[in-house]
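The values are calculated or read from the model by the stated rules, or taken from the named source; none is laboratory data. No experiment lies behind these values; they were computed from the predicted model shown. A quick note on method: Cβ atoms are made from the backbone with ideal geometry, for glycine too, and the neighbour counts reach across all protein chains shown. The accessibility values were calculated without ligands, DNA or RNA, using every heavy atom of the protein model including side chains. Shrake-Rupley method; radii C 1.70, N 1.55, O 1.52, S 1.80 Å.
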Amino acid sequence: MKKYLSLYIRLLFFFIAFSFAVLSLQAQETVVTLKVINQKKEPVAFATINVINRLDTNIIFTKASDSAGLASFILPRNKQYTVQISSVNYLPQQKGINTSGNQFSFTFIAEPAGKILDAAVVTSKKPLMRQEDDKTIIDPENLVASSTSGYEVIEKTPGLFVDQDGNIYISSLTPATVQINGRELKMSAADMATMLKSLPPNAIDRIEVVRTPSASEDASSSGGIVNVVLRKGVKIGFTGSITAGMQQGIYGNRFTGVNLSNNDGKKSYYLNLNISNRINYEKINTSRYFGDTILSQQSFTKYPANVFFTSYGYVYEINKKWNIDFAGSFTLNDYNNKSDNYNLIQKISSARSISDNLNRVNNDGTSLIISNAIRAKLKIDSLGSGWTNDIYYSYSKNQTTQDFATSYYIPFTFYSGGDGSSDNRRKLFTTQSDLKLKLKKKLTVETGIKSSLLNFNSETDYYRQESGQRTKDQDRTNTFTYKENINAFYLQGSKKIGKNTVLKLGARLENTNMTGHQIIPFDTTFELHRTDLFPYIYLSKDLMKIMGYGLRGYLVYRRTISRPVYEQLNPFPKYVDQYLSEIGNPSLRPQFTQNYEANISVDERPILAVGVNDTRDIFSIVTYQSDTSQIQAYRTYDNLGKNKEWYLRGLGALPPGGRYFLVVGAQYNHNFYDGVYEGKPLSFKKGSWTFFSYQTFKIDKRSVITVNGFVRLRGQQQLYELEPFGSLNASINRKFLKEKLVATLSVNDIFFTNQNEFTIRQGSVNVSGFRRSDTRRFGFNLRYNFGIRKKEENASMFSVDSPDKAN
């Protein structure tokens with residue numbers, strides 16, 4: 001594995017050096033600004049602008065105008081160009097410009113078009129990455145084609161890292177908050193991962209990444225925010241696609257789906273349906289040492305599931321000011337997981353076996369998630385002022401029946417087993433109102449209120465079967481309820497100072513109320529009430545120009561909070577196996593993080609960032625030895641003290657326009673823990689490198705090869721140390737039938753290196769292990785698109801040719 005990782009790292013460094021060599025050749029260039037307005041002198045947003053070199057028509061630059069109707073291009077001097085402009089509801093136009101004089105700003109007036117559109121399918125260019133204020137927007141077009149779920153799309157997104165527990169990381173080693181359509185669903189990482197695995201890949205329209213959220217976002221976002229925005233039917237006319245595919249690893253995945261949407265200009269509606277059959281596995285081997293004894297555990301779990309997913313929505317424009325948006329989704333997951341866990345206890349000095357047993361568990365259940373939301377938006381003026389009101393409700397239910405049995409072979413033959421059932425129900429209701437005002441003197445004011453209410457009920461009922469007797473298992477049976485209410489108010493303002501400096505100041509006030517009540521087997525009621533203030537400071541300024549590219553610097557500060565959830569607070573012991581239990585910590589305190597970041601962008605594309613996360617009362621998963629038995633351990637959460645994390649992140653790309661496109665990046669994280677573990681001082685330092693790459697090669701107009709991957713060296717997951725691991729993926733897309741049919745061949749984790757070897761050596765705990773899942777897969781996908789044309793999109797230094805678009 002290390003041999004392949006070393007080879008891949010060398011390739012990454014070569015691509016980085018090559019990209020900088022190409023960038024150094026881009027001299028004698030200037031910035032040309034094009035503005036598109038209509039006859040009323042209003043800006044025409046998202047117009048497609050093509051700039052074509054008259055002497056070499058193969059050299060084409062493409063961008064989309066922003067909300068002010070502006071688009072900037074880096075063009076060589078003393079050249080003549082043809083500018084082509086097209087936009088929905090406007091006639092296309094074509095004019096000539098040149099860069100030989102002193103004029104580098106041009107204005108174009110768009111003429112209104114008729115109401116009839118001819119049906120057509122047009123190839124477009126989509127930006128892989130673009131910066132919009134404080135967030136990076138990623139178009140997952142090429143990633144969707146080689147994936148079977150939304151989870152796989154996020155795994156392949158450049159710069160995002162997903163661990164095997166479903167946590168998603170951006171810059172920090174603190175997990176990011178995951179949102180769907182801008183809403184946090186208040187789910188655990190495992191539950192969110194299950195939902196994303198149920199999500200069809202072509203249901204994702206874009207992924208928004210916010211490293212340091214502003215005061216308008218929830219304060220519980222220490223690791224940043226990853227917002228998955230689902231596709232809606234917003235194009236003029238009737239469009240749709242039919243998709244089918246399969247992937248084969250050790251086990252196989254199969255899926256099929258249809259997407260339909262219709263829009264007549266004032267109202268639109270859409271429907272997405274997807275059915276999939278998925279099978280995965282997980283293999284975990286661990287060795288735990290205590291004195292002269294070793295406990296070896298080998299676990300293999302198979303995860304088969306049948307998933308049905310649908311999303312639907314209706315958007316209605318009441319008039320030119322009011323817009324109503326209704327959206328919902330329904331996910332049904334039917335699963336039957338089977339696990340075998342082999343346990344062996346031996347004396348190290350004599351290799352004598354003390355205990356030998358096999359534990360088998362079968363979980364058969366269903367999970368249901370239903371969510372609906374309605375959003376009303378008022379457009380106050382043409383400058384961007386607006387008032388948005390949002391109501392959201394989500395209901396989830398998970399019912400499972402479990403059978404478990406343990407066969408003992410040493411020191412004597414013995415059998416024990418049992419059965420149980422669990423019923424978990426979660427209800428989430430949120431209301432939110434946001435007001436944004438564009439005022440005079442380049443001042444913008446934003447304010448809003450939000451309230452969320454979460455109700456969680458859990459009932460588990462277990463029985464043991466021993467010597468023909470079925471008795472209540474008090475170690476596993478429990479019933480509890482949990483309520484969480486968070487109320488928030490924020491206010492922030494931004495001011496443009498001079499020509500190129502923007503200052504934004506804000507603060508968020510959050511009131512937190514938590515109540516937990518365990519009924520069975522005994523009362524562990526607790527309550528928490530607190531109010532906290534979270535300031536936010538943002539400063540950006542143009543720095544300089546290098547080779548015609550404008551460099552802009554950003555300074556950001558934000559205070560955030562990570563709140564423990566009920567599972568981390570409830571002191572009831574949860575049985576994992578006969579050697580390990582999970583116990584909550586009712587005295588667990590929330591952790592607060594001060595985040596400082598400085599970054600530099602080129603043409604509004606992030607290339608370099610350095611930051612510090614200073615965390616107090618950090619809580620982590622810890623494993624403690626039992627006071628009564630050496631072979632017994634329990635896993636819990638504890639406040640270890642403080643942690644300071646430094647990170648450095650770089651990103652580069654080859655300029656667009658050629659057949660080969662490349663994005664490469666690297667990130668370094670350095671963590672220092674300073675606190676107490678098992679009553680003893682804890683001083684722990686760890687540095688980790690991550691390299692990632694995204695590459696495409698256009699074979700011809702209808703075929704594209706895509707390669708992407710990552711490598712992590714000296715990885716860390718809280719107190720666990722990870723050996724080097726990574727993943728390399730590849731796919732090839734080919735269009736047929738007038739570019740309406742797209743076929744994709746793909747292979748994920750080519751070298752089968754996305755697996756973890758881990759160790760933890762803290763206090764009295766000494767554990768090493770290995771973890772693997774069914775990550776290497778070969779796939780074949782087909783997608784047929786139908787409907788009218790889609791408008792072309794922006795291309796930039798991070799742009800690639802899109803093989804297709806579902807709508």
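Obtain the nm distance between the two label points defined at residue 764 and residue 616 by a simple spin-label model: each point lies 7 Å from its Cα along the Cα-to-C-beta direction.
Label-label distance for residue 764 and residue 616, simple model: 3.2 nm.
Which value in Å is the Kirkwood Rh of the chain over different Cα pairs?
When all Cα pairs of the chain are included, the Kirkwood radius is 28.6 Å.
Using the Cα centre of the range 577-724 as the reference point, and only Cβ charges (+1 on K/R, -1 on D/E), how large is the resulting charge dipole? Debye, rounded to the nearest 20.
So the magnitude is around 680 debye.
Given a 1.4 Å probe and heavy atoms of the protein chains only, how would you sort 517, 529, largest accessible area at the top?
Heavy-atom accessible area, descending, gives 529, 517.
With N residues in the range 133-172, what two-decimal value do you get for its Cα radius of gyration over 2.2 N^0.38 Å? Walk me through the numbers on the way to the answer.
On the way: Rg = 10.9 Å, N = 40, 2.2 N^0.38 = 8.9 Å.
So the range 133-172 has a normalised radius of gyration of 1.21.
Tell me, what ³J(HN,Hα) does each residue in the range 610-623 have, in order and in whole Hz, if you take phi through Karplus 6.51 cos²θ - 1.76 cosθ + 1.60 with θ = phi - 60° and put x for Gly and Pro?
9, x, 9, 10, 9, 10, 10, 6, 4, 10, 9, 5, 10, 10
Rounded to the nearest 0.05, what FRET efficiency is calculated for residue 238 and residue 485 with R0 set to 56 Å and r the Cβ-Cβ distance?
The calculated FRET efficiency here is 0.80.
Keeping all protein chains in position, work out how much accessible area residue 605 exposes to a 1.4 Å probe, and write it in Å² to the nearest 10.
10
Suppose every Lys and Arg Cβ carries +1 and every Asp and Glu Cβ carries -1, with no other charges. What dipole size does the range 675-795 come out with about its Cα centre, to the nearest 20 debye?
That gives a dipole near 620 debye.
In square nanometres, what is one fourth of the surface area of the convex hull spanned by the alpha carbons of the range 731-790? Don't skip to the answer; put the middle values down first.
Values: hull surface 28.3 nm².
Taking a quarter of the hull surface, the average projection is 7.1 nm².
Can you find, among 328, 362, 343, the residue sitting farthest towards the positive end of the charge dipole of the range 322-365, where Lys and Arg contribute +1 and Asp and Glu -1 at Cβ?
Sorting the options by dipole projection puts first 343.
How much length, in nm to one decimal, is gained on full extension between residue 441 and residue 355, taken as 0.36 nm per residue of separation minus their Cα-Cα distance?
23.2 nm
For the chain, build the charge dipole from Cβ charges (+1 Lys, Arg; -1 Asp, Glu) around the Cα centre, then report which of 424, 175, 241 sits farthest towards its positive end.
241
Over the Cα atoms of the range 272-318, compute the convex hull volume and normalise it per residue, giving Å³.
100
Evaluate the relative contact order of the chain (contact order divided by residue number), counting alpha-carbon pairs under 8 angstrom at least 6 apart; express in whole percent.
Relative contact order here is 13 percent.
Just the number, please: Stokes-Einstein D of the range 522-603 in µm²/s, Kirkwood Rh from C-alpha pairs, 37 °C, 0.692 mPa s.
Rounded, D is 192 µm²/s.
Could you give the size of the charge dipole of the chain about its Cα centre, using +1 on the Cβ of each K and R and -1 on the Cβ of each D and E, expressed in debye and rounded to the nearest 20?
2940
Length gain on complete extension for the stretch residue 271 to residue 668, per 0.36 nm per residue less the alpha carbon to alpha carbon distance?
On the way: separation 397, 0.36 × 397 = 142.92 nm, distance 4.24 nm.
Working it through step by step, the gained length comes to 138.7 nm.
Determine, at each q value in 0.10, 0.13, 0.14 (inverse angstroms), the log₁₀ of I(q)/I(0) that the Debye formula gives when each Cα of the range 350-477 is one equal point scatterer.
The Cα Debye sum returns log10 ratios of -0.60, -0.75, -0.80.
Structure shown: which of 79/545; 321/450; 427/642; 156/186; 379/483; 283/680 lie over 26 Å apart, alpha-carbon to alpha-carbon?
Violating the 26 Å limit, Cα to Cα: 427/642; 379/483; 283/680.
Full extension from residue 589 to residue 451: what is 0.36 nm times the residue separation minus their Cα-Cα distance, to one decimal in nm?
The residue 589-residue 451 span can extend by a further 47.4 nm.
For the chain, find the longest principal axis of its Cα atoms and tell me its angle to the long axis of helix 2-23, 0 to 90°, nearest 10.
Rounded to the nearest ten degrees, it is 20.
Among 154, 500, 210, whose Cα lies farthest out toward the positive end of the dipole of the chain, if unit charges sit on the beta carbon of Lys, Arg (+1) and Asp, Glu (-1)?
500
Would you calculate a helix-derived [θ] at 222 nm for the chain, using -39,500 (n - 2.57) for each DSSP H run of n ≥ 4 and dividing by the full residue count, to the nearest 500?
-1500 deg cm²/dmol
For the chain, give me the percentage of DSSP beta bridges that are antiparallel, rounded to the nearest 5 percent. Spell out each step's value before the answer.
Values: 418 of 430 bridges.
In the chain, approximately 95 percent of DSSP beta bridges are antiparallel ones.
How high is the FRET efficiency between residue 383 and residue 697 when r is their beta carbon distance and R₀ equals 25 Å, given to the nearest 0.05?
So, using R0 = 25 Å, E works out to roughly 0.05.
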